[in-house]
Amino acid sequence: MSSETEAPDHEDIRHESLYHSDGDWVIFAPISAGGHMIFRVHKFLLCHHSPIFSDLLTLPQGAEEMREMYDGVPALHLTDPAKDLAFLLDVLYDPSALPYEALDPYTPILVRGILSLATKYFISSLRRRIVQQLQKDWPTTLNEWDTLEGHIVAWSPPDPENPMNIWLDGSFPEPASAISISRRFDIPQLLPAAFYHLSRLTVEQDWDHYRDSDFTDQFYHDMIEHKGRSARWRLLGRDDLICLLKGKDTIKKHLEVFENSFSSGNKRCREKDSDCSNKIRGIVKRIIRISEESRDPLATFKEYGKIPEFGHSEDPEYEDQVCFSCSRNMKRRMGEWRCDFWDNISDVFNLPTSRKAR
Ligand SMILES: [Zn+2]
């Protein structure tokens with residue numbers, strides 16, 4: 001078509017800030033409510049970032065006459081949602097427009113549309129940047145995991161007067177949306193930490209349910225007093241749930257192996273005549289039970305690895321004290337268990353591997 005449209009259709013709207021009068025291309029994109037959003041942009045910018053746009057916006061020799069025109073420049077119709085395209089163009093014109101707050105549980109939801117377009121149009125620098133941001137929220141090493149968990153334990157509401165701002169749950173990453181975006185856009189490095197965190201939650205700890213609830217006693221109990229966490233369970237697929245179940249079973253088996261490894265006793269025990277080995281087995285049993293109740297062996301093992309040496313503690317909880325050697329041996333093995341577990345966490349949940357090193 002060589003005809004030039006002089007005025008937009010009544011359902012078509014020129015974008016307020018992304019209709020540049022000196023732009024050399026116009027792009028139409030559908031608005032969900034009907035009609036189109038019209039963008040007027042600079043070809044150079046799009047072609048610079050995207051080989052796909054470069055192809056789309058390059059007219060074959062002699063084809064200019066055939067091109068649809070709008071407001072004096074060539075026009076292109078895309079099927080991408082206008083709001084996603086607006087977001088993409090915003091970020092291409094101004095990279096600081098990419099919304100990102102560290103550890104924000106809304107990040108995977110907010111960036112999904114723009115990540116989809118960055119992937120579709122091969123805008124690799126933007127895709128890389130979004131992936132890096134997502135990855136910062138989901139540790140790939142045990143040290144990073146422990147650091148993040150330390151922040152969570154130490155967290156207190158930044159604004160206790162604001163009832164919507166006193167949930168820990170609203171201040172740290174949510175696992176199901178991370179798993180969903182990771183699967184959809186092939187970002188496997190998010191999965192291990194997200195699945196481990198998910199394995200600590202029950203299906204009652206549901207993001208939407210908590211936010212639909214009135215401020216009931218139960219709600220306060222779970223979310224405020226217990227600094228509860230939740231997941232957007234509805235975003236998970238069948239395969240994700242199978243990985244989760246497999247992971248939970250495997251964690252249980254790993255804990256059993258750990259417990260059984262103490263059956264042979266400690267050759268360096270300094271109190272061989274006493275009941276040291278039996279006491280150690282009792283302590284390990286108790287730690288395993290606490291790990292299963294908390295559904296968080298990484299945290300439980302870390303906590304028990306920090307307490308004063310058994311036999312040197314004034315704490316009556318450790319009245320069943322054991323010799324220094326047995327205590328040190330047990331703590332060393334708890335530390336090794338954590339490292340081994342993290343190194344094998346992709347296998348635990350049957351996930352694609354992508355990460356290394358701790
Ligand atoms: Zn001993």
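Residues in the stretch 18-44 that are loosely packed, with under 15 Cβ neighbours inside 10 Å, more than 16 Å from Phe87 (Cα to Cα) and either of a type outside the set (A, V, I, L, M) or not assigned by TED's automatic domain parsing to the domain that holds Asp71 (or both): Ser21, Asp22, Asp24, Gly34, Phe44.
Sort out which residues of the stretch 252-274 are away from the ligand (no atom under 16 Å from the Cβ) and in contact with a Phe, Trp or Tyr (Cβ under 8 Å, 6 or more places away or on another chain), and write them in order of number. Give the steps one after another, and end with the answer.
To start, the set of residues in the stretch 252-274 that are away from the ligand (no atom under 16 Å from the Cβ) comprises 252-260.
His254, Phe258, listed by residue number.
Count of the stretch 82-100 residues, restricted to those that are closer than 17 Å to Val131 by Cβ and either of a type in the set (S, T, N, Q) or surrounded by fewer than 14 Cβ atoms within 10 Å (Cβ to Cβ) (or both), is 1. Arg333 meets each of the listed conditions (1) modelled with pLDDT under 95; (2) part of a loop (DSSP other than H, G, I, E, B) apart from (2).
Here is a yes/no grid of residues against (1) closer than 24 Å to Trp233 by Cβ; (2) of a type in the set (Gly, Ala, Ser):
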{"residue": "Gly150", "(1), (2)": "no, yes"}
{"residue": "Ser156", "(1), (2)": "no, yes"}
{"residue": "Gly170", "(1), (2)": "yes, yes"}
{"residue": "Leu201", "(1), (2)": "yes, no"}
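Just wondering, is there one or more residues in the stretch 275-290 that are within 16 Å of the ligand (Cβ to nearest atom), at pLDDT below 80 and not in a helix (DSSP H, G or I)? Yes, the stretch 275-290 contains a residue that is within 16 Å of the ligand (Cβ to nearest atom), at pLDDT below 80 and not in a helix (DSSP H, G or I). Cβ-Cβ contacts under 6 Å between residues 6 or more apart (or on different chains), taken from a first residue in the stretch 191-213 that is part of a helix (DSSP H, G or I) and exposed (fewer than 14 other Cβ atoms within 10 Å of the Cβ) to a second residue that is of a type in the set (Ser, Thr, Tyr) and at pLDDT 90 or above, are absent.
Scanning the stretch 100-110 for residues being under 12 Å from the mean Cα position of the chain (by Cα) and in a helix (DSSP H, G or I) gives a total of 3. When you look at Asp240, is it part of a helix (DSSP H, G or I) and free of Cβ contacts under 8 Å to residues at least 12 places away in the same chain, yes or no? Against the criterion (part of a helix (DSSP H, G or I) and free of Cβ contacts under 8 Å to residues at least 12 places away in the same chain), Asp240 does not qualify. Total residues in the stretch 111-153 satisfying the condition of being surrounded by fewer than 16 Cβ atoms within 10 Å (Cβ to Cβ) and either in contact with a Lys or Arg (Cβ under 6 Å, 6 or more places away or on another chain) or not in a helix (DSSP H, G or I) (or both): the figure is 2.
For the stretch 154-168, indicate whether the set of residues that are assigned to a helix (DSSP H, G or I) and surrounded by 17 or more Cβ atoms within 10 Å (Cβ to Cβ) is non-empty.
Keep residues of the stretch 154-168 that are assigned to a helix (DSSP H, G or I), which gives 154, 163-165, 168.
Going one step further and asking which of them are surrounded by 17 or more Cβ atoms within 10 Å (Cβ to Cβ), we end up with 168.
Checked against the condition, which is being assigned to a helix (DSSP H, G or I) and surrounded by 17 or more Cβ atoms within 10 Å (Cβ to Cβ), the stretch 154-168 yields at least one hit.
Of all residues in the stretch 282-307, those being over 24 Å from the mean Cα position of the chain (by Cα) and either within 17 Å of Asn329 (Cα to Cα) or surrounded by 15 or more Cβ atoms within 10 Å (Cβ to Cβ) (or both) number 13.
I'm trying to understand the selection: among the residues of the stretch 319-339, which are over 30 Å from the mean Cα position of the chain (by Cα) and of a type outside the set (A, V, I, L, M, F, W, C)? Step through it out loud before you land on a result.
Going residue by residue through the stretch 319-339, those that are over 30 Å from the mean Cα position of the chain (by Cα) are 319-332.
Matches in the stretch 319-339: Glu319, Asp320, Gln321, Ser325, Ser327, Arg328, Asn329, Lys331, Arg332.
State whether the residues of the stretch 105-126 include one that is assigned by TED's automatic domain parsing to the domain that holds Val41, touching a Gly at 6+ places or on another chain (Cβ under 9 Å) and in contact (Cβ under 8 Å) with a residue 12 or more places away in the chain. Looking through the stretch 105-126, none of the residues is assigned by TED's automatic domain parsing to the domain that holds Val41, touching a Gly at 6+ places or on another chain (Cβ under 9 Å) and in contact (Cβ under 8 Å) with a residue 12 or more places away in the chain.
The values are calculated or read from the model by the stated rules, or taken from the named source; none is laboratory data. Only a predicted model underlies this, so the values are computations on that prediction, with no experimental measurement involved. All Cβ positions, even for glycine, are placed from backbone atoms using ideal geometry, and neighbour counts span all protein chains on display.
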